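The values are calculated or read from the model by the stated rules, or taken from the named source; none is laboratory data. All of these numbers come straight from a predicted model, not from anything done at the bench. Don't worry about glycine lacking a Cβ; one is built from the backbone with ideal geometry, like all the others, and counts go over all protein chains shown.
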Amino acid sequence: MKLRILTVILSVCLAFCSCGNTSGYRLDGFAMNTMVSVTVYGKESENNASAALREITATENKISWNVKSSETAKINAAGGNEIFAPTAAELIGELLPVCKATDGRYSLTLRELCDLWGIGTEKADLPSEVDISAALKKCDCEIFVSGDNVTLSNPSAALDFGSVGKGYACDKVYDLLKSNGADAAVVSVGGSILCFGQKNGGFTVDIATPGNINNSLGSLKFDTTAFISTSGSEERFFEKDGKKYHHIFDAKTGYPLISELKSVTVVAKSGAMSDALSTACFILGKEKSTELLKSYGADAVFVTSKNEIFVTDGLSDKFTLINNDYVLK
């Protein structure tokens, strides 16, 4: 068995110009099990960058399943009892319609299945069908939200915001930067990016080639605030007996999703939704994602296993192909 872990990175190149907000202050860190980078432009850039990093960590401490004091951990330890969890309740309310749109194939309660497969760890291996079936029973769960309270219908289930947490962290940083009056910023939390504010020359976001994070597939150009997230089969996976098993599961089968796609990059009105939709669209496939994207006013770049790229209308004038091994359709 061969284990390979790749982080999908959206690298950001800023077009510098002779204006008052070109001199940015950058801080790097580690949170949410990934590298984090914050560059802030304008007044109080150093203070805002430091505050942004703290906000990302604070968000992790509220929603991460493996932080014992988090809302998520308390929900998972409650055995089906109602828990006061305002942040989790807010997120769940936004995400349940996306889960429903995929007929439950995108789920927020797959922690048991993730632990069983261990993808992204040195323990990654192919489970038995019996073990997968048992894990699916523990993952089968309805989530009930009543005001700021959350209840899991299955006492054995475990909530996990891993598919949306990084995008949600970008939302919280956006609120912080807006409140503090920052001119512009670029925030990268793993596969989710926030381009904040306005900057002469705009923002150019490079999408990494699936399977090669050091090579740009193409770029997206934005003039103002944008939330961008990427999900794909080349991010985390392991190989066994010549077959690849990636980290995006089909909640109906308990196995990594079989898809014609390598990756999906989504631009949406919030970080949480860009993150959730990138996973949901990867699960649904290009054709079935169209209506879901429209319903959220979102757009996407689809990369197929045939090295074809499809860009929705809202991004057609923003996307530029860089890698000539791929064909823009």
Query raised in the report: From Asn154, Asn214, Asn200, which residue is modelled with pLDDT under 95 and in contact with a Cys (Cβ under 8 Å, 6 or more places away or on another chain)?
Result: Asn200
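Restricting attention to the stretch 106-135, which residues are within 13 Å of Ala158 (Cβ to Cβ) and aliphatic (A, V, I, L, M)? Let's see the steps before the verdict.
Keep residues of the stretch 106-135 that are within 13 Å of Ala158 (Cβ to Cβ), which gives 107-116, 135.
Leu108, Leu110, Leu113, Leu116, Ala135, listed by residue number.
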Query raised in the report: Given the conditions (1) under 30 Å from Ser295 (Cβ atoms); (2) surrounded by 14 or more Cβ atoms within 10 Å (Cβ to Cβ), which single one is not true for Thr121?
Result: (1)
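Each row is one residue, and each column tells you yes or no for (1) at negative phi; (2) under 15 Å from the mean Cα position of the chain (by Cα); (3) modelled with pLDDT of 95 or more; (4) not aliphatic (A, V, I, L, M).
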site: Leu159; (1), (2), (3), (4): yes, no, yes, no
site: Ala169; (1), (2), (3), (4): yes, yes, yes, no
site: Ala185; (1), (2), (3), (4): yes, no, yes, no
site: Ser229; (1), (2), (3), (4): yes, yes, yes, yes
site: Arg236; (1), (2), (3), (4): yes, yes, no, yes
site: His247; (1), (2), (3), (4): yes, yes, no, yes
Report summary line: Screening Ala135, Ala158, Ala169, Ala185 for residues that are among the aliphatic types (A, V, I, L, M), over 20 Å from Phe30 (Cβ atoms) and surrounded by 23 or more Cβ atoms within 10 Å (Cβ to Cβ) leaves only Ala158
Query - Subset tally (residues that are within 21 Å of Ala124 (Cβ to Cβ) and not in a strand (DSSP E or B)) for the stretch 203-245 - result: 7
Report task. Output the residues belonging to the stretch 134-184 that are closer than 20 Å to Glu46 by Cβ and either among the β-branched types (Val, Ile, Thr) or part of a strand (DSSP E or B) (or both). Result -> Val173, Ala184
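Which one of these is without any contact (Cβ under 8 Å) to a residue 12 or more places away in the chain, of a type in the set (Gly, Ala, Ser) and not assigned by TED's automatic domain parsing to the domain that holds Asp115: Gly242, Gly202? Steps first, please.
Values: Gly202 fails: without any contact (Cβ under 8 Å) to a residue 12 or more places away in the chain.
Of the residues listed, the single one that is without any contact (Cβ under 8 Å) to a residue 12 or more places away in the chain, of a type in the set (Gly, Ala, Ser) and not assigned by TED's automatic domain parsing to the domain that holds Asp115 is Gly242.
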